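The values are calculated or read from the model by the stated rules, or taken from the named source; none is laboratory data. Since the structure is predicted, the reported quantities are computational estimates derived from the model, not experimental observations. With ideal geometry, Cβ positions are generated from the backbone for all residues, glycine too; neighbour counts draw on all protein chains shown.
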Amino acid sequence: MLLVDDQPLVRSGIAMLLSAEPDIVVVAECGDGATAVEASLRLDPDVVVMDVRMPGLDGVAATAKIARRTRVLILTTYHVDDAVYGALRAGAAGFLLKDAVPAELVMAIRAVAAGEAWLDPAVAQRLLADFAARPQRPATPEAMGMLTAREREVLILAAQGLSNEEIAAALVIGEATVKTHLGRVLVKLGVRDRTQAVVAAYRSGLIKP
C-alpha cells in the first residue's frame, strides 16, 4: 500500500503500526498529492491511504487521478464536509477518521484491498442526516456515470427488490459493505434514500422496465 500524509510524524506512526501486519506492506510514503499520483502510477499499489488536506494537490484532487486504477482509502481528522463529499465523488473506496482505533485501520485497508467499501460509522450517520435534510434534485446521467461497477450492481439488485441481506448473498460480500455501497450511491446521485436511487436508475436507463 501507499501512504500519503503531509505530516511526517503521522506517516511514520501509521507505517510503524502497519509494519506489524504480515499481509500489509507500505511500499512508499508521500507528503503531497502530486507525489502520490506519480508514486501510484509507478508502484501500482493495491491501496492508497490518503489524507485530505495537503499542500499543492490535495487528497480530493489526487484521488480523482488515482481512483480509476487504484483503491483509495481516505484517512482524515475531519468529519462530514465538502472535502468528504468531494473525495467520495472522486471515487474513494473508503473513509476513516484518524481517531479510529488501529484495528479499524487495518480492517479498513484489508476490506478496500479486497474490493469492498468502508465508511466510518460516524461519517455514515452524518451523511445520512445531511442527505435527509437536503432538497431532492434529479440525478443526472453524469452522476449515474460516476458509479463504480460494484455500485451499479448493488443498485440494480436493489431495484429488483432484493434486501441488503439478499444483495450481500448474491454478490458474496458483507451486509455492512452493501450498506456502504448504497450510501455511496446516494452521495453520488444526490438522492435521499434507496427508493429515489432506484427511480433515478430507471429514469437514466441504467435499468430497463
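Couple of notes before you dig in:
- Complete set of residues in region 8-34 that are touching a residue at least 24 places away in the same chain (Cβ under 8 Å) and assigned to a loop (DSSP other than H, G, I, E, B): 21, 23, 24, 25, 26, 27, 31, 32
- Single residue of region 187-201 satisfying the filter (farther than 24 Å from residue 83 by Cα and at pLDDT 80 or above) that is surrounded by the most Cβ atoms within 10 Å (Cβ to Cβ): 200
- Condition met for residue 148 (in contact with a strand residue (DSSP E or B) (Cβ under 8 Å, 6 or more places away or on another chain) and either modelled with pLDDT of 85 or more or on the phi > 0 side of the Ramachandran plot (or both)): no
For (1) at pLDDT below 80; (2) surrounded by fewer than 13 Cβ atoms within 10 Å (Cβ to Cβ), each residue gets a yes or a no:
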position	(1), (2)
65	no, no
73	no, no
98	no, no
101	no, yes
106	no, no
111	no, no
139	yes, no
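- Any hit, region 63-73, residues being in contact with a Ser or Thr (Cβ under 8 Å, 6 or more places away or on another chain) and in a loop (DSSP other than H, G, I, E, B): yes
- Taking (1) surrounded by fewer than 21 Cβ atoms within 10 Å (Cβ to Cβ); (2) at pLDDT 80 or above; (3) among the aromatic types (Phe, Trp, Tyr) in turn, residue 131 satisfies each apart from (2).
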